[in-house]
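Notes follow the structure.
The values are calculated or read from the model by the stated rules, or taken from the named source; none is laboratory data. Just so it is clear, the model here is predicted, and its values are computed rather than measured. For neighbour counting, all protein chains shown are included, and Cβ atoms are generated from backbone atoms with ideal geometry for every residue, glycine included. Heavy atoms of the whole protein, side chains included, go into the accessibility calculation; ligands, DNA and RNA do not. Shrake-Rupley method; radii C 1.70, N 1.55, O 1.52, S 1.80 Å.
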Amino acid sequence: MAGRIRSALPLINRIARSDSFLAPHKAAVHRTLQSPVFASSSESSRYYATAAAPPKEQKIKLPVALYGGAGNYASALYIASKKANVLDKVEAELLDLVQALEKSPTFSQFTKDLSVPADTRVKAITDIAEQAKFSQVTKTFLIVLAENGRLRSIDTIAKKFAELTMADKGIVKATVTTVMPLPPSEEKELKETLQLIIGQGKQVTLEQKIDASILGGLVVEFSQKVFDMSIKTRAKQMERALMEPVQF
């Protein structure tokens, strides 16, 4: 699939020089991406307003709450994907698209260049989605991003969408930051401890990050919680305590 995306990239230059473009796809967008209005984003609200629902319309509950523009877009895409029963396919398609962006500076620059007319962006992303044989949900979602000038945020949206798909599968991602990689025994112990905290019915996956600036200790992040046990933070706490006036 990534190969099909790359094969479609030459279309960008040809489309940019073309004088004719596709008609707007807003009607298709509204039909495919039926989702609740997100109060925190007026732009998302305008494009994702829920259409009149039939009495027995399937109601989709988000596994985790996401915030901000990227979170709103990812949430809308999750709902549309669940309704169409193509969640795994859409996740794979977004991953392929992000990989294509990383491998092609031309494609990446195209998505970030806001001087490109909206019609040109829509035409280009439509042709690429068709060449890559993306699902209708992914294709229509990309058209929304192209119309709104949000293609530049596709990597961030994809990460947010991955959070939703992982939560949907009962997977909780934890990130541990240390000054050096944890030995396998300590990694195993930390993972088991987190599993006890999170509880049964969910699976913990651990990602390690290296950051020498924390000086020592570790910082653990999961489920929008942060446990900061770094030497750097402890030193700052001690510094603040020493600066406080002494009470006699």
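Given the criteria open to solvent by 20 Å² or more (accessible area, probe 1.4 Å) and within 19 Å of Ser75 (Cβ to Cβ), does Glu189 qualify? Let's see the steps before the verdict.
Values: open to solvent by 20 Å² or more (accessible area, probe 1.4 Å): yes; within 19 Å of Ser75 (Cβ to Cβ): no.
Spelling it out, it is not the case that Glu189 is open to solvent by 20 Å² or more (accessible area, probe 1.4 Å) and within 19 Å of Ser75 (Cβ to Cβ).
Identify all residues within segment 165-195 that are farther than 14 Å from Gln208 by Cβ and acidic (Asp, Glu); write none if there are none.
Asp168, Glu192
Cβ-Cβ distance below 6 Å, separation of 6 or more or different chains: which pairs start in segment 211-235 with a residue that is under 17 Å from Glu186 (Cβ atoms) and of a type outside the set (D, E, K, R) and end on one that is open to solvent by 60 Å² or more (accessible area, probe 1.4 Å) and outside any strand (DSSP E or B)?
The qualifying pairs are Ile214/Lys232; Gly216/Ile231; Gly217/Ile231; Ile231/Leu215.
Being among the aliphatic types (A, V, I, L, M) and buried (at least 21 other Cβ atoms within 10 Å of the Cβ) is the filter here; which residues of segment 102-126 pass it? Even if it seems obvious, please write down each step before you answer.
Of all residues in segment 102-126, those among the aliphatic types (A, V, I, L, M) come to 114, 116, 118, 122, 124-125.
Matches in segment 102-126: Val122, Ala124, Ile125.
All but one of (1) modelled with pLDDT of 90 or more; (2) in a strand (DSSP E or B); (3) open to solvent by 60 Å² or more (accessible area, probe 1.4 Å); (4) of a type outside the set (D, E, K, R) hold for Thr177; which doesn't?
Going through (1) modelled with pLDDT of 90 or more; (2) in a strand (DSSP E or B); (3) open to solvent by 60 Å² or more (accessible area, probe 1.4 Å); (4) of a type outside the set (D, E, K, R) one by one, Thr177 breaks only (3).
So which of Ile171, Ile210 is modelled with pLDDT of 90 or more, among the β-branched types (Val, Ile, Thr) and closer than 30 Å to Ala100 by Cβ? It would help to see each step written out before you state the result.
On the way: Ile171 fails: modelled with pLDDT of 90 or more.
Ile210 is the lone residue from the list that is modelled with pLDDT of 90 or more, among the β-branched types (Val, Ile, Thr) and closer than 30 Å to Ala100 by Cβ.
Here are Ala129, Ala158, Ala146: which of them is under 24 Å from Lys112 (Cβ atoms), aliphatic (A, V, I, L, M), open to solvent by 10 Å² or more (accessible area, probe 1.4 Å) and modelled with pLDDT of 90 or more? Spell out the reasoning first.
On the way: Ala129 fails: open to solvent by 10 Å² or more (accessible area, probe 1.4 Å); Ala146 fails: open to solvent by 10 Å² or more (accessible area, probe 1.4 Å).
One residue alone meets the criteria, Ala158.
Which of (1) assigned to a helix (DSSP H, G or I); (2) open to solvent by 80 Å² or more (accessible area, probe 1.4 Å); (3) under 30 Å from Ser104 (Cβ atoms) does Met166 not meet, given it meets every other one?
(2)
Taking Leu95 as the residue in question, decide whether it is out of contact with any strand residue (DSSP E or B) (no Cβ under 9 Å at 6 or more places or on another chain), open to solvent by 30 Å² or more (accessible area, probe 1.4 Å) and farther than 29 Å from Pro63 by Cα. Full working, then the answer.
On the way: out of contact with any strand residue (DSSP E or B) (no Cβ under 9 Å at 6 or more places or on another chain): yes; open to solvent by 30 Å² or more (accessible area, probe 1.4 Å): yes; farther than 29 Å from Pro63 by Cα: no.
For Leu95, the condition - out of contact with any strand residue (DSSP E or B) (no Cβ under 9 Å at 6 or more places or on another chain), open to solvent by 30 Å² or more (accessible area, probe 1.4 Å) and farther than 29 Å from Pro63 by Cα - is not met.
So how many residues does segment 219-234 have that are open to solvent by 40 Å² or more (accessible area, probe 1.4 Å), in a strand (DSSP E or B) and within 14 Å of Val179 (Cα to Cα)?
2
Which condition from (1) of a type outside the set (Lys, Arg); (2) under 22 Å from the mean Cα position of the chain (by Cα); (3) more than 30 Å from Ala65 (Cβ to Cβ) is the one that Gln203 breaks?
Going through (1) of a type outside the set (Lys, Arg); (2) under 22 Å from the mean Cα position of the chain (by Cα); (3) more than 30 Å from Ala65 (Cβ to Cβ) one by one, Gln203 breaks only (3).
Please go through segment 117-135 and pick out each residue that is in a loop (DSSP other than H, G, I, E, B) and touching a helix residue (DSSP H, G or I) at 6+ places or on another chain (Cβ under 7 Å).
Keep residues of segment 117-135 that are in a loop (DSSP other than H, G, I, E, B), which gives 117, 132-135.
Selection gives Ala132, Lys133, Phe134, Ser135.
Which one of Asp127, Asp113 is of a type in the set (Asp, Glu), more than 20 Å from Val64 (Cβ to Cβ) and without any contact (Cβ under 8 Å) to a residue 24 or more places away in the chain? Give the derivation first.
Details: Asp127 fails: without any contact (Cβ under 8 Å) to a residue 24 or more places away in the chain.
After applying the criteria, what remains is Asp113.
For segment 185-218, give me the residue count where each residue is in contact with a Lys or Arg (Cβ under 6 Å, 6 or more places away or on another chain) and outside any loop (DSSP other than H, G, I, E, B). Full working, then the answer.
In the first step, residues of segment 185-218 are kept if they are in contact with a Lys or Arg (Cβ under 6 Å, 6 or more places away or on another chain); the result is 204-206, 214-215.
If we keep only those that are outside any loop (DSSP other than H, G, I, E, B) as well, we get 204-206, 214.
So the count comes out to 4.
Spot the failing condition for Thr138; the list is (1) part of a helix (DSSP H, G or I); (2) open to solvent by 10 Å² or more (accessible area, probe 1.4 Å), and only one is missed.
Failing condition for Thr138: (2).
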